[in-house]
Amino acid sequence: MSETLLVTEAPGGSVPGASGGRQFWRRLRAQRAALVAAVVVALLVLVALAAPLLTALEGQDPTTYHPSLIDSARGGVPVGALGGIGGDHWLGVEPQTGRDLFARLAYGARVSLGVAFAATVVQVAVGITMGIAAALGNRWVDQLLSRITDIFVALPLMIMSLALLAIVPTSFPRPVLVTLVIGLISWGNIAKVVRARTLSLKELDHVAAARLSGWGSWSVARRELLPGLAAPVITYAALLVPQNITVEAALSFLGVGVKPPTPSWGQMLTAADVWYQAAPQYLLLPAGALFVTVLALTVLGDGVRTALDPRVASRLRVGTGRRGENKAGGAS
């Protein structure tokens, strides 16, 4: 996403207060697609948080093998219709292992969503720090930090992640490692957004007055700049989460992400690639969960962007109106 689109000002030049918060929720509620996406995301987060409770209600866990539910004569295909779906196994069992699919999907949501959200927090923290430091520093500091940011923007995330995850000892907690690798490599774009927005905010009278009154750089940043950075940062962070879910799934799919027996949707897809004919639900369930999650987060992120910057919606309406007028004129 371009920096120009994200570096926008709320009415009045800064993030609005309580009344602005009410306006934001009103604009967000007016977008039905964003509301549906928010409900879907909330349900997914609830499933992830309540995974132990849900699997306890089912009476299963994500790591126990059930060899009696596997037909070894057919190569490990689950016994029964639809992959062994029943009262004891709500979504059936895995081929070859007999592990409960519902339990692994629920615990996999904890890993996939947890890694994505935590990596986004790391990206935002590093990006804000680097962006503000570059904008408030002198010319040499700005040039140095900007060139470092450019290097990280240019780094190929997947290749660097593959290299780093391959050399780190397996004893290091894998979800934490994946979170740190994603967060510490792909913060460059948000740092550019923060730097550009901070340079704009520096020219405002209240920020200049704070600097002239003797406030330190970080006091100015905390009291005067961070409120004005909230809107673009929240917008960009909302769009980073689905991207990070996709990266985590891809790394697990390639075998360098989360390791068994810890469940992950990407890891489940890796193990399911040879079972798409004999046990299609083993492939479709994690793939469907990933698709729905990424779609819902993307739609929600776009809704947040429009709610924080109503001028985007206005431009869209104006463009649509002009196209309608052109069509009407052509018809006449």
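Each reported figure results from applying straightforward, stated rules to the coordinates on display, with no laboratory input. The model shown is predicted, which means the values in this text are computed figures rather than measured ones. Here the Cβ is made from the backbone with ideal geometry for all residues, glycine too, and neighbour counts use every protein chain on show.
Stretched out fully, how many nm does the piece from ILE151 to ARG22 gain, at 0.36 nm a residue minus the Cα gap?
42.5 nm
Select from the chain the helices, each a whole stretch of DSSP H, whose alpha-carbon atoms run 15 Å or more along the helix axis and whose Kyte-Doolittle mean is at least -0.5; answer none if there are none. Provide the component values of the computation, followed by the final result.
On the way: long enough: 18-29 (17 Å, -1.30); 32-49 (26 Å, 2.81); 101-136 (51 Å, 1.59); 139-154 (22 Å, 0.48); 157-167 (16 Å, 2.80); 174-185 (16 Å, 2.15); 188-201 (20 Å, 0.41); 226-253 (39 Å, 1.25); 280-308 (41 Å, 1.31); 310-331 (32 Å, -0.95).
Helices meeting the span and hydropathy rule in the chain are 32-49, 101-136, 139-154, 157-167, 174-185, 188-201, 226-253, 280-308.
Is the shape of region 37-128 rounded, prolate or oblate, going by the alpha carbon gyration tensor and its root eigenvalues a ≥ b ≥ c, with a/c under 1.5 for rounded and a/b larger than b/c for prolate? Before the final figure, lay out the partial values.
Details: a/c = 3.08, a/b = 2.25, b/c = 1.37.
Prolate shape, in that a/c is at least 1.5 and a/b is the bigger ratio.
Could you pull out every residue, at least 5 positions away or on a different chain, whose amide H is within less than 5 Å of the one on ILE70? Hs are placed 1.01 Å off N in the peptide plane, and Pro or chain starts have none.
The answer is VAL79.
Starting from the 7 Å offset along Cα-to-Cβ, what nm value, one decimal, do you get for the label separation of ARG211 and ARG29?
So the two model labels end up 4.1 nm from each other.
Whole Å is fine, so just give me how far the alpha carbon centre of region 254-305 lies from that of region 155-172.
Using only Cα atoms to place each centre, the spacing works out to 20 Å.
What is the gain in length, in nm to one decimal, between THR246 and GLN143 on full extension, counting 0.36 nm per residue of separation less the C-alpha to C-alpha distance?
33.8 nm
Using a 10 Å cut-off around each Cβ, can you sort VAL124, VAL40 from fewest to most neighbouring Cβ atoms?
Details: VAL124 20, VAL40 17.
Final ranking by Cβ density, sparse to dense: VAL40, VAL124.
Mean residue ellipticity at 222 nm from the helices of the chain, using -39,500 (n - 2.57) per DSSP H segment of n ≥ 4 over the full residue count, to the nearest 500 deg cm²/dmol?
It lands at -23000 deg cm²/dmol.
Could you work out how far apart the two model spin labels at VAL176 and SER219 are, taking each label as a point 7 Å from the Cα in the direction of the beta carbon, and quote it in nm?
3.7
Could you list HIS89, HIS66, HIS206 in order of exposure, starting from the residue whose Cβ has the fewest other Cβ atoms within 10 Å?
Least crowded to most crowded, the residues run HIS206, HIS66, HIS89.
Over the chain, calculate the relative contact order: mean separation of alpha carbon pairs under 8 Å at least 6 apart, over the residue count, as a percent. Please report the intermediate quantities before stating the final value.
On the way: 450 pairs, mean separation 80.4, N = 332.
Worked out over the chain, it gives 24 percent.
Just want the answer: with Cβ charges of +1 for Lys and Arg and -1 for Asp and Glu, which residue in ALA154, LEU180, VAL77 is farthest toward the dipole's positive end in the chain?
Toward the positive end, the furthest listed residue is ALA154.
Which entry in [x] -0.31, -0.52, -0.90, -1.04; [y] -0.39, -0.61, -0.93, -1.03; [z] -0.27, -0.44, -0.80, -0.95 is this structure's computed log10 I(q)/I(0) by the Debye sum over Cα atoms at q = 0.07, 0.09, 0.12, 0.13 Å⁻¹?
[y]
Suppose the chain between ALA42 and ALA278 were pulled fully straight at 0.36 nm per residue; how much longer would it get relative to their current alpha carbon spacing?
Numbers: separation 236, 0.36 × 236 = 84.96 nm, distance 3.32 nm.
Gain in length upon complete extension: 81.6 nm.
Please state the charge dipole magnitude for region 3-331, taken about the Cα centre, from unit charges on C-beta atoms (+1 on K and R, -1 on D and E), reported in debye and rounded to the nearest 20.
1200
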